[in-house]
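So the structure is just underneath, and the comments pick up after that.
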């Protein structure tokens, strides 16, 4: 290993706690750390992740082609490994999940779900016979499977078709697997893959096959799943259209039944009806699940799923009536091959409608499906996973920025003294250290949410749906706040690196691209906050009616009862309590506002809309209270087993996080608690003091995230701190540097100068 | 013209004011509008801006080559126009400035400065003989000139070399040109060009020639300027290094005088001494101004400028001892050809040191220069321009998002009613409408700052330096706050467009790339805020000593005098006053904190650092107070001449802006004024009411910014509202869509599936 930068080495030498102990604690034990490292080594040793010319220098088209190539090579490697060692499936699960997948594929791994969802689902839910047949084939990669869902984001009513997909998740809630293991497997870049915004192959496994499994009849499954598993066909899943995203009921594509030929006619009546965004749709898939409005006997029966052939199986040419292509360059994720799809009166046989639930009989009679009790499941699952993903991205960004800030020296505040490491500036500590604490806060909140998710889904299995709305409300606001906080954290880290953070070789811009995408996908964040607000308003009204409330909103009832502000308690516990008072106060104001507006003659919907800025803010306040209290409580609980040295640092981090947010929300605290100016000044000094206390351990704290250089992929943030050397090494990979004189000199500059252009 | 979207047309039809009247008001009169439109038409009619394959699909290398090509074609066109019509220079000034330049070149126009700075400087400061000689040549494009500066950002002490460059700006302060005209000319993307982060040719004109003019002796100018003007050589300007940006004194490159050979030896003693970032350095320039530590007779005399040959003039190959190349891909501005440069004992003649000020005699004796009285000028000038640039970017982003929000319909809050335009959601109004107001707020603040800049520089000419520190403090914090606000505004607009905002064809990601770069260049924002804080602390201390204060900080003295909070006044005037109280209160706390920490034994520097998070916040509060009061006062003044219909809307916008910021800073107002909970709830309802009032005019308000489609360059934001059609048209330009089947299908996917990979 190359020599480590002396400043960075000194930081490590003077760290007050054992870095390895913290890594084990984060992973959930020394065995977990060792397993993870072994898997990382296994996946990286063949060097598929290495790009001779970094993809940032490639054209859009070349980026797509590289993504396909790497995904295929990765799967070849795994197949080989599988043959060599008879290692358990679990290894591969983890190889493909987390930051590791990102290191190899950059923009996501199309085949992750094969191991992460497909095989486990069969193991969890298949009969012994089914397992015998499928698992062997799957491990040999004779077939490639996967699983996932998109997110209509406006409640359960559109999600009937998700029932089965949801059931598949039950595997993960089984007692045979620990929560933390599943978290690790499913975290990191997997989110992108699940969400259909990953690489060109993802949707075949993530959406196409699972939808057939979930909504197809036994006959349909028998016919299609086999072909799909054999990769005789490659499918994708087309739901969103140019004109409609989250609002699924508004989709315009029609599937009209023609009883005379026993066919459905798929049609895009408008340009806005064109499917838009599905991954792999552009040039990869030849079949597609299409979500369309079903018409039969002149009546619309809402959204149903149809299997449509897009391209000729042999030639890959689009079939008649199909208009298909890619949607163009994006801020990030440019290997995905997101596509568009339009239909010009495309006819498909009647049995290409997936009819496990609703049916259309030969004569065109529509037979409705029984409604599902488990409709919320999948989207909650995905959102729980997203919270954990956000931790990984924040951990990457803060690792890069902290290490660089320890290496970088700048300015000379005191004459005749050396330039300080920029991490010694309090303003820099202010930008970065809360980012370290945020990783822990969101990690513990994600674990806590995961546990709750498991409990609630177990209750669901037993027919108990009581806590479903509470979990749904939580998953919505945590999705919004975690993605928003993560995006801001990553961008703050980038800007804290100054101009060099603007270099793609810092890996901060690409990381931002991945994180900010999550602010609008899987439920746009403002829509998410307002979903939670609906629940909070109902909870408030229940409390007003004297009913008891579920645990995470019980504070509404308690605080409502005692309206007078108690004396302010300037401690962590006091602040956490203060945040509950803020949330309660804001929700109360919203409820009063809506009522007042209704009394003034507004409809409920208009009153809601007029109050929606405040409602979103109340929802965010509720989420902050949950985050602060969860972090505080979980931290107290989990750090009981660690050494005193580490415990002190973990407490400081939690204190830092809570005090930071108190100072960020001083206005709210002043409005809804009895905090005084004197308290505020004390909090400010407490915060400054905490920055100074945490600062000496900053490098140790990010080292403990234990992100390998190949996964971090940053010139500024590598473990050895050779930031400047690596910036130069990365620069030398630019194709422009491959030739001393560029052709444009001869072609344009010289002629212009000589008046000959 | 294609049919306009009906929703958009209805918005325009129902606008309560005359949109054209507002456009004229913004431009500064109907003649200004007509001039601007004529110039835009002239520059765009040849279609140089049209890219058959949009550059977003190109490789990094191709992007550079396209930028060179377009810059050269643009100059060819202007030369032709110049020959055809004997139009005045002024036309070309405006063609090259503003958003128009961006429309043609995307990432900035390398030759802008030729017209904007070079020719005007000669006209303003040249003798009659000089003008006769140079101006003719310049207009014929026999020579190409320009002018600019970078920004050391840590005070005047390093800026002696800027004296002459600063003098050149005086041309713009002359009475012959109105402020608003200059603003228009210099606004928009020109900022990027001035800042050295533009296209490959920029620095030749922006830095290389002006530095020689500013720091060269008459003999040096005679020799070098002629060659540079003839483009016999292409130069750039290398100051920043891998290891040092804003802190110029820390530069490591050495220039050691060897009296035995009468040469300087340039050397990069470390990797961090490598020059890093200069535009055009990588493959475009063959000469370079190098800023280096001057050593002679064993003693260091600080940073001086040297002319160094980089490449052979005929072959363009790097000369011996020169290591040069490009720094690699960045978040944006990838046509710039930013380079690195290292020296291995490179010898240059003694007369390659620019010796107008300081000198090294033949025997090695160093002769110091008299210090400059005008050191602040250039960096203030650039920052004033930056504030105006930020308006242009915000205007673009908000135009795109507002039009799209009028076209987009989504969800169904009320059963059996059509889907609303998303701009009818209050949360969407909350995200967008303050953006419209911000454009006006920053525009008026920039104009006001420009006027103050002119006054102060005129006083400087007369030897009066009294208001220089005040102007410097203002330009620092306004630079930081305007770039930060603009970046947040653009990103909020992008996210408000949902998934489609993530498409590069929305032009929002590229706009963000340009704006966020300004947060770290030309003085990193936190450093800027702390510079202003230094001034505020001094002002506070002066007030404490009973001295009077300059106008923009006089409130500190007034509020200090009456420490008791007056009763809160819940009006616009009351809020503006409240913001002054906030700023004053925060500065007061900072001063007390620093004193307390010093009394506890800390050095001043350490006490400053420990208080710096609060100091940055106080500085921002000062800037907010300036922005709110300036907008309010200027708006009151300027809207006197407009129609009653327009006046009402302009008042609503200003109210919206002020109330928005009051609600954003409720915590500060609660701490430092006597605002009550009741006042806050009234403000909230006032704000909601203003959103509803401004909403019907939203489209008219952005239309009035009058940004041509070619300049807006957005599928989502075009004037006709055909957002979906344009998204599709842009998608069809993707090279991936040029072939129905991509080669990767045959190369990797099929073989993997068949087990043959």
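Each residue in A:72, A:391 was given a count of other beta-carbon atoms within 10 angstrom of its own, and listing them fewest first yields A:72, A:391. Per-residue shielding of B:611-617, expressed as the average number of other chain Cβ atoms within 10 Å of the residue Cβ, stands at 5. By its C-alpha gyration tensor, with a ≥ b ≥ c as the square roots of the eigenvalues, how is the range A:213-354 shaped: rounded for a/c under 1.5, else prolate for a/b larger than b/c, else oblate? Verdict is oblate for the range A:213-354. Ranked from shortest, the separations from the 7 Å Cα-to-Cβ label point of residue A:362 to its equivalents in the other copies are 11.2 nm. Between residue A:351 and residue B:218, the simple spin-label model (points 7 angstrom out along Cα→Cβ) gives 9.9 nm. Averaged over the residues of peptide A:338-345, the number of Cβ atoms from other protein chains lying within 10 Å of each residue's Cβ is 2.
Projecting 7 Å from Cα along the Cα-to-Cβ direction, the label point of residue B:637 sits 6.2 nm from its equivalents in the other copies, listed shortest first.
The mean sequence separation of alpha-carbon pairs under 8 Å and at least six residues apart, normalised by the residue count of the range B:377-703, gives a relative contact order of 23 percent. Chain A versus the axis that turns it onto chain B: the residue with the nearest Cβ and the distance in whole Å amount to A:667, 1. Once you sort the root eigenvalues of the Cα gyration tensor of the range A:706-757 as a ≥ b ≥ c, which label holds: rounded (a/c under 1.5), prolate (a/b larger than b/c) or oblate (the other case)? Here the range A:706-757 falls in the prolate category.
Going from the fewest other Cβ atoms within 10 Å to the most, the residues B:203, A:331, B:386, B:361 appear in the order B:361, A:331, B:386, B:203.
Among A:604, B:295, the order by Cβ neighbours within 10 angstrom, fewest to most, reads A:604, B:295.
Peptide A:244-256 is shielded by partner chain Cβ atoms: per residue, an average of 2 of them sit within 10 Å of its Cβ. Let me test this: with uniform point scatterers at the alpha carbons of the range B:377-703, what is the Debye-based log₁₀ I(q)/I(0) at q = 0.14 1/Å? These q points yield log10 I(q)/I(0) values of -1.16. For residue B:52, the distances from its label point to the matching points in the remaining copies are 3.0 nm, ordered from shortest, with each point set 7 Å beyond Cα toward Cβ.
With the Cα gyration tensor of the range A:284-329 giving a ≥ b ≥ c as the square roots of its eigenvalues, does the rule (a/c under 1.5 for rounded; else a/b larger than b/c for prolate; else oblate) give rounded, prolate or oblate? Prolate.
Any read-out appearing in this document is the output of simple, stated calculations on the displayed coordinates, not a laboratory observation. Keep in mind it's a predicted model, so treat the numbers as computed, not measured. Methodologically, a virtual Cβ is constructed for each residue, glycine included, from the backbone with ideal geometry; neighbour enumeration extends over all protein chains shown.
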